[in-house]
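The values are calculated or read from the model by the stated rules, or taken from the named source; none is laboratory data. These figures come from a predicted structure and were not determined experimentally. Cβ: placed from backbone, ideal geometry, glycine included. Neighbour counts: every protein chain shown. Side chains are part of the model used for accessible areas, which takes the heavy atoms of the whole protein and leaves out ligands, DNA and RNA. Shrake-Rupley method; radii C 1.70, N 1.55, O 1.52, S 1.80 Å.
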Amino acid sequence: MRGAVSTTGLRGETEFLRRYNNRCIKKQKKIRTIRVKGFHLFMSFLVMGAAGFLAYQIGVFVLTWEKLNVKNYVLINKPTFRSEELKKELKQFRGNILAMDFDRIRARMLAYKEVKDVFLSRKLPSTVEIRFILRKPVFQVAIDGQYNIMDIDGVILHTVAQTDNRLIPIKDIKAEYLDDLVPYLPELHKIRESIEFVSLKKPYGILI
């Protein structure tokens with residue numbers, strides 16, 4: 001009977017020690033895992049910090065590199081009128097080609113009535129190419145002895161003192177009636193070969 005009790009107690013102690021040992025092993029593994037993960041996390045932050053610092057230094061170098069400063073503007077299909085004024089204005093936009101504010105330059109170019117659209121591109125290391133889409137003169141409006149040159153959208157591009165036989169004449173029209181004529185300009189342009197002149201008289205309408 002005593003032998004049976006001793007055997008049972010020994011087994012209980014053995015099981016206790018086994019469980020205790022397993023808990024110790026698991027605890028040690030957990031500690032090692034935390035240490036390894038902590039080391040990996042530290043190294044990751046260290047690498048990312050170094051990469052970020054390197055990228056910053058490269059960015060500073062590139063944005064301050066003299067060879068990337070804008071030196072030339074290439075104008076393709078540039079406006080005929082006020083072209084010299086446009087060139088002078090572009091001289092204000094200098095600096096690093098990668099940092100150029102193209103939206104601002106584009107807005108300034110579109111302020112010229114002759115320009116319908118404009119596209120900018122960088123030609124490294126120091127050239128900016130500007131390609132213009134110009135409005136085409138189609139009509140000439142005779143008002144107060146001057147000729148307002150107008151495109152198909154009704155935009156007055158400029159004013160000249162002499163008539164141009166290549167354009168469709170719009171005459172005998174009051175300046176305040178021009179906006180009423182604009183919606184019909186595309187259709188009038190289609191039959192330009194058969195038009196001698198265009199006018200608008202209220203309440204009668206368009207005369208051709």
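Amide H to amide H, with H built 1.01 Å from N, VAL118 comes under 5 Å of ILE133, counting only residues 5 or more places away or on other chains. When the charge dipole of segment 45-171 is built from unit charges on Cβ atoms (+1 for Lys and Arg, -1 for Asp and Glu) and taken about the Cα centre, the candidate among GLN92, LEU68, GLY154 whose Cα reaches farthest toward its positive end is LEU68. For the chain, the Kirkwood hydrodynamic radius from C-alpha pairs, put into Stokes-Einstein at 20 °C and a viscosity of 1.002 mPa s, yields a diffusion coefficient of 87 µm² per second. Taking ILE133, ILE97, ILE195 as the candidate residues, the one with maximal mean-square fluctuation in a Gaussian network model of the chain, Cα springs under 10 Å, is ILE195.
Excluding ligands, DNA and RNA, the accessible surface per residue across the chain is 73 Å² with a 1.4 Å probe. Among LEU207, VAL128, THR163, which residue has its Cα furthest toward the positive end of the charge dipole of the chain, with +1 on Lys/Arg Cβ and -1 on Asp/Glu Cβ? So the residue furthest toward the plus end is VAL128. Looking at segment 83-208 alone, DSSP beta bridges between its own residues are antiparallel in about 85 percent of cases.
Of the residues ARG18, ARG32, ARG131, the one that moves most in a GNM of the chain with alpha-carbon contacts below 10 Å is ARG18. Could you grab the relative contact order for segment 107-169? Cα pairs under 8 Å, six or more apart, rounded to a whole percent. RCO, segment 107-169: 24 percent.
With contributions of -39500 (n - 2.57) from each DSSP H run of at least four residues, the per-residue ellipticity at 222 nm computed over the chain stands at -14500 deg cm²/dmol.
Based on Cα contacts under 8 Å between residues 6+ apart, the chain shows a relative contact order of 13 percent. Distance between the 7 Å Cα→Cβ label points at ASN21 and ALA161: 11.4 nm.
Pairs from the table (LYS78/LYS113; LYS116/LYS171; LYS71/LYS113) lying more than 23 angstrom apart at Cα are LYS116/LYS171; LYS71/LYS113.
Within the listed set LYS30, LYS71, LYS88, the Gaussian network model of the chain (springs between alpha-carbon atoms below 10 Å) gives the highest mean-square fluctuation for LYS30.
Taking 0.36 nm per residue of sequence separation and removing the Cα-Cα distance, the GLU85/ILE208 pair yields an extension gain of 40.5 nm. Among the protein heavy atoms of the chain, carbon and sulfur supply 58% of the accessible surface, probe 1.4 Å, non-protein parts ignored.
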